[in-house]
Amino acid sequence: MQLIKNLPILISGIIIGIIIYQSLMIAPSINKLLSNSDASLYLRYIWPKFFVVIGLLSLLSIFILSLFNSQQNIPKVLSILSFILMLICYLIIPYMNDAKDSLRESTFVILHMLSILMTIVTLIMNISIFIFWKY
(Lines give C-alpha, C1' and ligand atoms only; values in the text may rest on other atoms or scores of the structure.)
Protein backbone atom coordinates (compact mmCIF):
# COMPACT_ATOMS: atom_id res chain seq x y z
CA MET A 1 0.00 0.00 0.00
CA GLN A 2 2.89 2.37 0.78
CA LEU A 3 4.23 1.86 -2.74
CA ILE A 4 0.91 2.88 -4.27
CA LYS A 5 0.68 5.94 -1.98
CA ASN A 6 4.12 7.10 -3.14
CA LEU A 7 3.60 6.28 -6.82
CA PRO A 8 2.59 9.88 -7.71
CA ILE A 9 6.01 11.18 -6.66
CA LEU A 10 7.62 8.58 -8.94
CA ILE A 11 5.25 9.63 -11.74
CA SER A 12 6.34 13.25 -11.25
CA GLY A 13 9.96 12.14 -11.57
CA ILE A 14 9.12 10.35 -14.82
CA ILE A 15 7.35 13.47 -16.13
CA ILE A 16 10.38 15.59 -15.23
CA GLY A 17 12.66 13.15 -17.05
CA ILE A 18 10.47 13.05 -20.14
CA ILE A 19 10.28 16.84 -20.39
CA ILE A 20 14.01 17.34 -19.91
CA TYR A 21 14.99 14.53 -22.28
CA GLN A 22 12.55 15.53 -25.04
CA SER A 23 13.21 19.25 -24.78
CA LEU A 24 16.97 19.26 -24.29
CA MET A 25 18.06 16.15 -26.17
CA ILE A 26 15.57 15.00 -28.79
CA ALA A 27 14.12 18.22 -30.26
CA PRO A 28 17.45 20.03 -30.75
CA SER A 29 19.07 16.90 -32.21
CA ILE A 30 16.28 16.47 -34.74
CA ASN A 31 16.68 20.04 -35.96
CA LYS A 32 20.42 19.49 -36.43
CA LEU A 33 20.26 16.05 -38.07
CA LEU A 34 17.21 16.24 -40.34
CA SER A 35 16.24 18.53 -43.17
CA ASN A 36 13.57 21.12 -42.34
CA SER A 37 10.80 19.14 -44.02
CA ASP A 38 11.82 15.83 -42.38
CA ALA A 39 12.23 17.52 -38.99
CA SER A 40 8.81 19.10 -39.35
CA LEU A 41 7.21 15.72 -40.12
CA TYR A 42 8.90 14.02 -37.19
CA LEU A 43 8.18 16.82 -34.72
CA ARG A 44 4.51 16.85 -35.76
CA TYR A 45 4.47 13.13 -35.07
CA ILE A 46 6.27 13.11 -31.71
CA TRP A 47 4.99 16.24 -29.89
CA PRO A 48 1.34 15.19 -29.70
CA LYS A 49 2.49 11.92 -28.13
CA PHE A 50 4.67 13.87 -25.70
CA PHE A 51 1.68 15.88 -24.48
CA VAL A 52 -0.58 12.80 -24.32
CA VAL A 53 1.92 10.75 -22.31
CA ILE A 54 2.49 13.52 -19.77
CA GLY A 55 -1.26 14.20 -19.60
CA LEU A 56 -2.03 10.52 -18.97
CA LEU A 57 0.69 10.24 -16.33
CA SER A 58 -0.75 13.33 -14.62
CA LEU A 59 -4.22 11.80 -14.78
CA LEU A 60 -2.91 8.56 -13.23
CA SER A 61 -1.30 10.60 -10.47
CA ILE A 62 -4.59 12.43 -9.81
CA PHE A 63 -6.43 9.10 -9.64
CA ILE A 64 -3.94 7.57 -7.18
CA LEU A 65 -3.82 10.69 -5.03
CA SER A 66 -7.62 10.84 -4.88
CA LEU A 67 -8.05 7.19 -3.93
CA PHE A 68 -5.05 6.40 -1.76
CA ASN A 69 -3.48 9.64 -0.59
CA SER A 70 -6.16 12.24 0.03
CA GLN A 71 -4.00 14.32 2.42
CA GLN A 72 -1.64 15.28 -0.44
CA ASN A 73 -3.68 18.32 -1.51
CA ILE A 74 -0.94 20.43 -3.10
CA PRO A 75 0.46 17.55 -5.20
CA LYS A 76 -3.10 16.73 -6.27
CA VAL A 77 -3.74 20.33 -7.41
CA LEU A 78 -0.37 20.42 -9.21
CA SER A 79 -1.17 17.14 -10.97
CA ILE A 80 -4.57 18.47 -12.04
CA LEU A 81 -2.94 21.61 -13.41
CA SER A 82 -0.28 19.51 -15.15
CA PHE A 83 -3.02 17.50 -16.85
CA ILE A 84 -4.92 20.64 -17.91
CA LEU A 85 -1.81 22.33 -19.34
CA MET A 86 -0.85 19.24 -21.34
CA LEU A 87 -4.41 18.96 -22.62
CA ILE A 88 -4.29 22.58 -23.78
CA CYS A 89 -0.91 21.98 -25.45
CA TYR A 90 -2.34 18.98 -27.25
CA LEU A 91 -5.45 20.87 -28.35
CA ILE A 92 -3.52 23.82 -29.83
CA ILE A 93 -1.31 21.60 -32.02
CA PRO A 94 -3.65 21.68 -35.05
CA TYR A 95 -3.88 25.49 -34.84
CA MET A 96 -0.11 25.78 -34.53
CA ASN A 97 0.43 23.48 -37.52
CA ASP A 98 -2.16 25.37 -39.56
CA ALA A 99 -0.51 28.69 -38.72
CA LYS A 100 2.88 27.33 -39.81
CA ASP A 101 1.45 25.86 -43.02
CA SER A 102 -0.47 29.07 -43.83
CA LEU A 103 2.64 31.19 -43.23
CA ARG A 104 0.97 33.04 -40.35
CA GLU A 105 4.29 33.27 -38.56
CA SER A 106 3.18 35.55 -35.72
CA THR A 107 0.30 33.21 -34.82
CA PHE A 108 2.64 30.23 -34.97
CA VAL A 109 5.21 31.95 -32.74
CA ILE A 110 2.56 32.89 -30.17
CA LEU A 111 1.11 29.36 -30.04
CA HIS A 112 4.54 27.74 -30.01
CA MET A 113 5.74 30.01 -27.19
CA LEU A 114 2.53 29.27 -25.29
CA SER A 115 3.16 25.52 -25.57
CA ILE A 116 6.77 25.99 -24.45
CA LEU A 117 5.68 28.12 -21.49
CA MET A 118 3.02 25.60 -20.44
CA THR A 119 5.57 22.78 -20.69
CA ILE A 120 8.03 24.72 -18.52
CA VAL A 121 5.28 25.42 -15.98
CA THR A 122 4.40 21.70 -16.01
CA LEU A 123 8.06 20.89 -15.37
CA ILE A 124 8.22 23.34 -12.46
CA MET A 125 4.95 22.03 -10.99
CA ASN A 126 6.22 18.45 -11.10
CA ILE A 127 9.47 19.50 -9.44
CA SER A 128 7.33 21.28 -6.82
CA ILE A 129 5.52 18.04 -6.03
CA PHE A 130 8.78 16.81 -4.48
CA ILE A 131 8.90 19.96 -2.31
CA PHE A 132 5.28 19.73 -1.12
CA TRP A 133 5.12 15.95 -0.70
CA LYS A 134 4.19 14.85 2.83
CA TYR A 135 6.38 11.87 3.66
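The values are calculated or read from the model by the stated rules, or taken from the named source; none is laboratory data. Being a predicted model, the structure only gives us computed values, none of them experimental. As a convention, Cβ positions derive from the backbone with ideal geometry for all residues, glycine included, and neighbour counts pool all protein chains shown. Quick note on the areas: whole protein, heavy atoms, side chains included, nothing else; ligands and nucleic acids left out. Shrake-Rupley method; radii C 1.70, N 1.55, O 1.52, S 1.80 Å.
Summary table below
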item: Rounded accessible area per residue of the chain, 1.4 Å, Å²; result: 59
item: For the chain: relative contact order, % (alpha-carbon pairs under 8 angstrom, 6 or more apart); result: 34
item: Helical mean residue ellipticity (222 nm; -39500 (n - 2.57) per DSSP H run of 4+; nearest 500) of the chain; result: -30500 deg cm²/dmol
item: Theoretical gain in end-to-end length, Val77 to Ile93 [0.36 nm per residue, Cα-Cα removed]; result: 3.3 nm
item: Where a label projected 7 Å from the Cα of Val121 along Cα→Cβ would reach, residues of the range 51-65 with amide N under 19 Å; result: 51-59, 62
item: Computed lengthening from Phe132 to Met25, 0.36 nm per intervening residue step minus Cα-Cα distance; result: 35.7 nm
item: Computed E for Thr107/Leu60 - FRET, C-beta separation, R0 35 angstrom, nearest 0.05; result: 0.55
item: Whole-percent carbon and sulfur share, accessible surface of the chain, 1.4 Å; result: 74
item: Sequence of Asp38, Asp101 when ordered by accessible area, the most exposed leading, probe 1.4 angstrom; result: Asp101, Asp38
